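Below is one structure, written out as structure tokens; the observations come after it.
The values are calculated or read from the model by the stated rules, or taken from the named source; none is laboratory data. Model, not experiment: these values are computed from the prediction. Please note: Cβ atoms are built from the backbone with ideal geometry, for glycine as well, and neighbour counts cover all protein chains shown.
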Amino acid sequence: MSEPSDWELIALARAGSDQAFTRLVRRYEQGVVVFCQRMTGSRQDAEDLAQDSFIRVYRYLPRLRPKAKFSTVLFGIARNLTLNFLRDTGRRGRYRTQSLTREDASETALRDTASTPDRQARLGEIGALLEDALERLSPDHREVLVLRELNGLDYDAIAAVTKCRKGTVKSRLARAREQLRLQLLELGGDDV
């Protein structure tokens, strides 16, 4: 038996199945938390924002319609809540991003089982440089970079989430990558 689609789970949840909604949450929880964490720099705030996103989805179950991918709808809600949080708390750009090399529940560490201590130290340096460089990006550029590179959303989905044109997404992504490269060079990552 095949796994039910997102919209099939929505239909079951709308009909009263808490189990269906729980499956939907489990399917997307990690991705939403990672996205929110990259935007806010705080795991705790990210978990709160992810929870608020799923609460909002649950509250609006009767109104949800399969006009787009469910992930696009969900990340759009998470994005709006995150941007409101950043605006309301005045914390835009002041958070540090989560390590790209540290192992935790939401990420895979950059490690090689045959690596040497020197290699591990170098990976730690690269991770710290990436953290600092990512933190320096504007929220708009950091957002498209995280949605594309960490969450794997395609251009159309990112355009729907950010409510801008696909061409704008492509140009923001190109600028984000270039800004990230320049920030890495500025921070001393010339041999990264």
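The C-beta contact set for the stretch 168-181 (first residue closer than 11 Å to ASP140 by Cα, second residue small (Gly, Ala, Ser) and crowded, with 19+ Cβ neighbours inside 10 Å, distance under 6 angstrom, 6+ apart or interchain) comprises VAL169/ALA159. Checked across the stretch 124-137, the condition of being at pLDDT 70 or above and within 30 Å of LYS67 (Cβ to Cβ) holds for no residue.
For the stretch 6-54, the set of residues classified as surrounded by fewer than 20 Cβ atoms within 10 Å (Cβ to Cβ), among the aliphatic types (A, V, I, L, M) and in contact (Cβ under 8 Å) with a residue 24 or more places away in the chain consists of VAL25 only.
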